[in-house]
Amino acid sequence: MIPVAIFAALALSAWATSSTAQPRLSDTTRSYLSIAAPIVALTNVTLIDGTGRPAERGQTVVINGDRIQAVGPTGAVSVPAGARVVDLPGHTVIPGLVGMHNHTFYTTAAGRRAQLNTSAPRLYLGSGVTTIRTTGSISPYAEISLKQQIEAGEVPGPRMHISGPYITGPDAVVERKHITTPEQARRVVDYWADEGATWFKVYTEISRENLRAVTEAAHRRGVKVTGHLCSVGYREAVEAGIDALEHGLMANLEYHPDKVPDRCPGRDLETYAKLDVNSEAVQSTFRALVAKGVPMTSTLAVYEISIPNRPPLEQRVLDAMSPEVRREYQDTRRRLAERAGEGSMLAAFRKAQEYERAFVKAGGLLAAGVDPTGNGGALPGFGDQRNLELLIEAGFTPEEAVRIMTANGAKVLGQADLGTVAPGQIADLVVLRGDLAARPADIRNVVTVFKGGVGFDAQKLIASVAGLVGIR
Ligand SMILES: [Zn+2]
């Protein structure tokens, strides 16, 4: 371990309370800081800058206040007098991850649905996720309050883009708004846009007519709409004005042989496993999305947890779970493993990876996020890291996978000053122990997370939520 935390503790408190560039941080938030100084120079790092450019060794990144001031080869970049120099050979620096499907609630296969206002923001930030879009809320006011608390410096957490409640058709899940008329769609959008939602998520059973009503109402208010679809295919959704699409292949049912308009067909993993991504059907979907600039969100991590014996079981995942959730999740894994002969989920998953690669090859904008739902195996933050590993498994280079999870997400959110490491950008940075370009799993070795130039101790954030996932 580097001696960063030891030295940082001495100097950080005076600055963290006096700076004008940063919000006043509460004692709680300050207790998680490890590097906080007006000017910080990270020297001798391997940099993956979020643009897709190859990793570069021996780099220096200078942070001044909440912005990046300079980036370049160590020795060539001048380090300002008085800077806190943190020498980091053997470490990789990437932009803060931008999680584009990052709920603050969590579910398990045992029917648990819990709002995680304590553990989710700390897990996200401690895992290197400095920005999230919640992408469907079961408790929008809880999220709005959390965002306000984080912005005020009261609690540690990522930057947040809030979505309104799920808007859907006749599926009867308790926290989702069932819309039957365009007028209802307009009323819901107007209400939550007034309250601070900047995105809406339409869900599986929305009709084309009501989807159009949602997008028109949202666009009048300057907010956007994404969807986890089923009853509406991607090409139809683009025609209805949707701004983004969640889950990649798995939520695009337009290739299903029994698809009829406005109806959600049954699952058909075999057909999906055999889909040809070079077929006219698939390529015409991609052309429609690219023509309108509609991005797709990769959520491979939440699909992987339905595959027998995947993902590899990590002790840190079990440690973060409450004891009951740990039991529920281990039961789920056991039941899945008993069906290990069923290969169709794995084959469909591989196809989903191939689909995302083909989408990017066709010029599509792919972002990514964890979606900490389903059987509960993809935790906030840890699942985002896993998604990066799964994108690399899909065939993206580590640099491309980083871009998908940083600059691309920032682009979808319209935040040009986030997602890359370059002079003038907001200083959201992740310091990883190891060489991410050589070993994808090094994404798990987060040491320090800078949000707006303030460095948080990743392990301290993670340790603070041990046993809380599933409870609060
Ligand atoms: Zn979701």
Report, to the nearest 10°, how far helix 323-338 tilts away from the longest principal axis of the Cα atoms in the chain, using its own Cα long axis and a range of 0 to 90°.
50
Normalised contact order of the chain, rounded percent, pairs of Cα under 8 Å and 6 or more residues apart:
22
Just subtract the alpha-carbon distance of SER284 and ALA362 from 0.36 nm times their residue separation and send over the number in nm, one decimal.
27.1 nm
Candidate lysines for bridging to LYS259, where Cα separation is under 21 Å - those fewer than 8 sequence places away on the same chain excluded
LYS274, LYS351
Pseudo-spin-label distance HIS219 to GLU175, built 7 Å along Cα→Cβ, given in nm, is 3.0
Calculate, in nm to one decimal, what ARG67 and GLU270 gain on full extension: separation in residues at 0.36 nm each, minus their alpha carbon distance.
68.2 nm
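By the gyration tensor of its Cα atoms, with a ≥ b ≥ c the square roots of the eigenvalues, what is the shape of region 97-412: rounded for a/c under 1.5, prolate for a/b over b/c, or oblate? Walk me through the intermediate numbers first.
Details: a/c = 1.36, a/b = 1.03, b/c = 1.32.
It is rounded, given that a/c, with a ≥ b ≥ c, falls under 1.5.
Based only on other Cβ atoms within 10 Å, what is the fewest-to-most ordering of MET100, MET405, MET321, MET250?
MET250, MET321, MET405, MET100
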What are the lysines whose alpha-carbon lies under 20 Å from the alpha-carbon of LYS460, with same-chain residues fewer than 8 places away excluded?
LYS451
State the Cα centre-to-centre distance between region 423-459 and region 328-364 in whole Å.
28
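Using a 10 Å cut-off around each Cβ, can you sort LEU365, LEU123 from fewest to most neighbouring Cβ atoms? List each step's numbers first, then the result.
Working: LEU365 19, LEU123 29.
Fewest-to-most Cβ neighbours within 10 Å comes out as LEU365, LEU123.
Please work out whether region 303-461 counts as rounded, prolate or oblate from its C-alpha gyration tensor, where a ≥ b ≥ c are the square roots of the eigenvalues and a/c under 1.5 means rounded, while otherwise a/b larger than b/c means prolate and anything else oblate? Walk me through the intermediate numbers first.
Numbers: a/c = 2.24, a/b = 1.33, b/c = 1.69.
Oblate shape, in that a/c is at least 1.5 and b/c is the bigger or equal ratio.
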Give the calculated FRET efficiency between ARG334 and VAL77 to the nearest 0.05, with a Förster radius of 45 Å applied to their Cβ-Cβ distance.
0.30
Quotient of Cα radius of gyration and Kirkwood radius for region 27-104, i.e. Rg/Rh, equals 1.02
Express in whole angstrom the spacing between the alpha-carbon centres of region 176-218 and region 306-322.
35
Value of [θ]222 nm, deg cm²/dmol, for the chain, DSSP H segments ≥ 4, -39500 (n - 2.57) each, nearest 500:
-10500 deg cm²/dmol
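Just check region 309-379 against the gyration tensor rule for me: Cα atoms, a ≥ b ≥ c as the square roots of the eigenvalues, rounded for a/c under 1.5, and otherwise prolate or oblate depending on whether a/b exceeds b/c.
Since a/c reaches 1.5 but b/c is at least a/b, the shape of region 309-379 is classed as oblate.
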Tilt relative to the chain, helix 140-151 - C-alpha long axis, 0 to 90 degrees, to 10
20
How far is helix 4-18 tilted, in degrees, relative to the longest principal axis of the Cα atoms in the chain, given as a value from 0 to 90 rounded to the nearest 10?
80
Is there a quick way to get the dipole size of region 97-412? I mean about its Cα centre, with the Cβ of Lys and Arg at +1 and of Asp and Glu at -1; what is the value in debye to the nearest 20?
160
Using the Cβ atoms and a cut-off under 12 Å, what net charge is assigned to the surroundings of ALA244, where Lys and Arg are +1 and Asp and Glu are -1?
+3
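For the residues VAL465, VAL223, what sequence is obtained by ranking on other C-beta atoms within 10 Å, fewest first? Walk me through the intermediate numbers first.
Details: VAL465 24, VAL223 19.
Ascending number of Cβ neighbours within 10 Å: VAL223, VAL465.
No value in this document is a laboratory result; all are computed from the given coordinates. Just so we're clear, the structure is a prediction, and the values are computed from it rather than from any experiment. All Cβ positions, even for glycine, are placed from backbone atoms using ideal geometry, and neighbour counts span all protein chains on display.
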